[in-house]
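A.B. asks: This structure is in structure tokens; I'll ask about it shortly.
The values are calculated or read from the model by the stated rules, or taken from the named source; none is laboratory data. The shown structure was predicted, so the numbers you read here are calculated from the model rather than taken from an experiment. No Cβ is skipped: glycine too gets one built from the backbone with ideal geometry, and neighbour counts run over all protein chains shown. Each accessible area value is taken on the protein alone, full model and side chains, heavy atoms only, with ligands, DNA and RNA left out. Shrake-Rupley method; radii C 1.70, N 1.55, O 1.52, S 1.80 Å.
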Amino acid sequence: MTSETRVDEIAPEIYRISTFHEGFGIQFNQFLVRDDEPFLFHTGMRRMFQATLAGVSKLIDPSRLRWIGYSHFEPDECGALNEWLSVAPHAQAVCGQVGAMVMLSDFADREPRALADGETLVTGRHRLRYLWTPHVPHGWDAGMFFDQTTGTLFCTDLFFQPGNPAPIRDSGIVEAARESIQTAHAGPLVKDMPYTTDTDATLRRLAGLRPEVLATMHGSSFRGDGQEALLGLAGVVKELIGS
Ligand SMILES: [Fe+2]
Ligand SMILES: [Fe+2]
């Protein structure tokens, strides 16, 4: 049960492909870096593949897709991976070493490319740095990509916002994240993010990238001082989850 997919440019040649799922009451956002070697971040769920495909088709011929990145092994992150591999003959999944070895070695229909922490994927004009962020937001294999060309951090489930908000916001993202974490405490999805000995350092490392755009999977992307937002989130997470 999804509404129509909308496409918005959130940074130069970076597009947010958003599908609102009425059943879950949240958006599932995918991001396309339109470049010589087009890069899709998150495949979307398998059952939403046609909606995501329609969104990508507004931007490129989907058979041209070259790279499929994601953060951690979950249906909204990479559930439609094999559907994408079948429509894009030159496409390859790209993820961290744990994801490639433990999950995709069996799940993916084609061999993935594994990146080490800090390694850079060049897609043409864009340079995407891979950061292994174990258990942030969750999952041993979790990682994020940072587009050094535009200062965009693909931050997956961080800064979760429910509902069907606008594509971009420029304020209030830390408060929204706080509210979401507090709301989750009353429901079955509590414990989505563990607090480990590395959590604070990982969030501070992301802040150190000084991102100008935070591309969030659920809710509005953020344009502004990403360092301040991530340090704010680190404080909220420490207060609400870490103590
Ligand atoms: Fe997730
Ligand atoms: Fe997600």
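A.B. asks: Could you give each residue of the range 204-217 its phi-based ³J(HN,Hα) in whole Hz, using Karplus coefficients 6.51, -1.76, 1.60 with θ = phi - 60°, and x for Gly or Pro?
C.D. replies: 6, 5, 5, 4, x, 6, 6, x, 9, 9, 10, 9, 9, 6
A.B. asks: Using only the alpha carbons of the range 190-237, what is the convex hull's orientation-averaged projected area in square nanometres? Before the final figure, lay out each step's value.
C.D. replies: Values: hull surface 14.4 nm².
Approximately 3.6 nm², given one-decimal rounding.
A.B. asks: Pairwise over distinct Cα atoms, reciprocal of the mean inverse distance: report the Kirkwood radius of the range 26-155 in Å, one decimal place. Let's see the in-between values first.
C.D. replies: Numbers: mean 1/r = 0.0698 Å⁻¹.
Across the range 26-155, the inverse of the average 1/r is 14.3 Å.
A.B. asks: To continue, here is another question. How many Å² of accessible area per residue for the range 188-243, probe 1.4 Å? Walk me through the numbers on the way to the answer.
C.D. replies: Numbers: 2680 Å² over 56 residues.
That works out to 48 Å² per residue.
A.B. asks: Normalise the Debye intensity by I(0) for the chain, one equal point scatterer per Cα, no solvent, then take log10 at q = 0.07 Å⁻¹ and round to two decimals.
C.D. replies: Per q value, in the given order, log10 I(q)/I(0) is -0.20.
A.B. asks: Starting from the Cα-Cα distance between R113 and Q97, subtract it from 0.36 nm times their residue separation and give me the gain in nm to one decimal. Before the final figure, lay out each step's value.
C.D. replies: On the way: separation 16, 0.36 × 16 = 5.76 nm, distance 0.86 nm.
Gain in length upon complete extension: 4.9 nm.
A.B. asks: 222 nm [θ] for the chain, helices only, -39500 (n - 2.57) per DSSP H run of 4+, per residue, to 500?
C.D. replies: Working: 6 runs with 56 residues, N = 243.
Here the helix-only value at 222 nm equals -6500 deg cm²/dmol.
A.B. asks: Then there is this: Can you give the extra length, in nm with one decimal, that the chain gains between L189 and S171 once fully stretched, where that is 0.36 nm per residue apart less the Cα-Cα distance? The partial results should precede the final answer.
C.D. replies: Values: separation 18, 0.36 × 18 = 6.48 nm, distance 2.59 nm.
Full extension from L189 to S171 adds 3.9 nm.
A.B. asks: Follow-up question, since we're still on this one. To the nearest 20 debye, what charge dipole does the range 161-243 have about its Cα centre, counting +1 at the Cβ of each Lys and Arg and -1 at the Cβ of each Asp and Glu?
C.D. replies: Details: 8 positive and 10 negative charges, 24 e Å.
For this selection, approximately 120 debye.
A.B. asks: Report, in debye and to the nearest 20, how large the dipole of the range 1-55 comes out about its Cα centre when Lys and Arg carry +1 and Asp and Glu carry -1 on their Cβ.
C.D. replies: Working: 5 positive and 8 negative charges, 67 e Å.
Roughly 320 debye, rounded to the nearest 20.
A.B. asks: On the full set of protein chains, 1.4 Å probe, figure out the accessible area of K58 and give it in Å² to the nearest 10.
C.D. replies: 120 Å²
A.B. asks: What is the range 1-125's relative contact order, in percent, from Cα pairs under 8 angstrom and six or more apart in sequence?
C.D. replies: On the way: 249 pairs, mean separation 24.1, N = 125.
Once divided by the residue count of the range 1-125, the mean separation gives 19 percent.
A.B. asks: What net charge do the residues around M103 carry, taking every other residue with its C-beta under 11 Å from that of M103, with Lys and Arg at +1 and Asp and Glu at -1? Could the numbers behind the result be given before it?
C.D. replies: Values: positive: none; negative: E74, E77, D106, D141.
Cβ neighbours under 11 Å give a net charge of -4.
A.B. asks: Starting from the Cα gyration tensor of the range 54-121, multiply each eigenvalue by 5, take the square root, and state the resulting semi-axes largest first in whole Å.
C.D. replies: Working: eigenvalues 82, 35, 24 Å².
They are 20, 13, 11 Å, listed largest first.
A.B. asks: Next question. Using only the alpha carbons of the range 80-214, determine the length spanned along each of the three principal axes and report them from longest to shortest in whole angstroms.
C.D. replies: The Cα atoms of the range 80-214 stretch 42, 35, 33 Å along the principal axes, largest first.
A.B. asks: Using a basic spin-label model with each label point 7 Å from the Cα along Cα→Cβ, how many nm lie between D61 and D36?
C.D. replies: Taking the simple label geometry, D61 and D36 are separated by 1.8 nm.
A.B. asks: Okay, next question. Taking all protein chains as present, what is the carbon and sulfur share of the accessible area of the range 132-198, in % to the nearest whole number, probe 1.4 Å?
C.D. replies: 59 percent
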